[in-house]
Amino acid sequence: MKNLKFISILSVLIFFASINKANAQTEINDSEKADTLFEKGVKIANDNFTGTAFLKMLVTNDDENPITIGNVTFEPGARTKWHLHPGGQILLVTDGVGYYQEKGQSKKILHKGDVIKCPPNIEHWHGASVDSHFSHLAIGNSDKEAVVWLLPVTDEEYRK
Ligand code: MN
């Protein structure tokens with residue numbers, strides 16, 4: 001009888017241990033499959049982002065093309081500060097699951113293939129979802145100032 005009780009407790013412990021292991025495995029797989037399509041670039045070191053994000057500038061502007069194109073990759077939970085673009089911005093989602101929110105609007109959930117046209121001077125933020133990485137190309141108008149950085153996106157705003 002005593003042995004039976006011990007075996008029951010042990011099975012429960014093994015069961016929970018296996019759940020934890022499965023969760024850990026999911027997270028590892030998620031970051032491994034972060035297919036950024038274009039070069040991932042280097043970790044962003046400034047404080048305009050919360051969490052870990054990477055940037056690779058793919059196209060810089062010249063006389064023929066007054067645009068810039070950057071590849072941005074966010075780890076889960078990472079996001080920009082609130083900001084605006086005087087010349088507007090276009091986001092092309094290439095991988096993962098992310099968020100985009102304009103001030104006063106509800107948060108949009110973005111997936112691979114989604115396109116966001118962010119109008120000039122509209123305050124907004126973008127970043128990864130809670131449990132997935134997120135990659136997008138950011139296309140900017142180089143005839144205007146690229147970005148005006150504002151306040152960080154609080155955890156409360158991020159989760160809303
Ligand atoms: Mn933006």
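Numbers at a glance
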| read-out | value |
| --- | --- |
| Hey, Asp47 under 16 Å from the mean Cα position of the chain (by Cα) and surrounded by fewer than 18 Cβ atoms within 10 Å (Cβ to Cβ) or not | yes |
| Residue in segment 105-116 that is crowded, with 20+ Cβ neighbours inside 10 Å and in the same structural domain as Asp47 (by TED's automatic domain parsing) present | yes |
| Complete set of residues in segment 71-106 that are within 12 Å of the ligand (Cβ to nearest atom) and more than 13 Å from Trp125 (Cβ to Cβ) | Pro86, Gly87, Gly88, Ile90 |
| Residues (more than 13 Å from the chain's Cα centre (by Cα), within 15 Å of the ligand (Cβ to nearest atom) and farther than 20 Å from Trp149 by Cα) located in segment 107-121 | Asp114, Val115 |
| Number of positions in segment 115-160 that are under 23 Å from Lys40 (Cβ atoms) and acidic (Asp, Glu) | 1 |
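The values are calculated or read from the model by the stated rules, or taken from the named source; none is laboratory data. Remember, it's a predicted structure, so these values are computed and weren't measured experimentally. In this analysis, Cβ positions are derived from the backbone assuming ideal geometry, glycine residues included, and neighbour counts consider all displayed protein chains.
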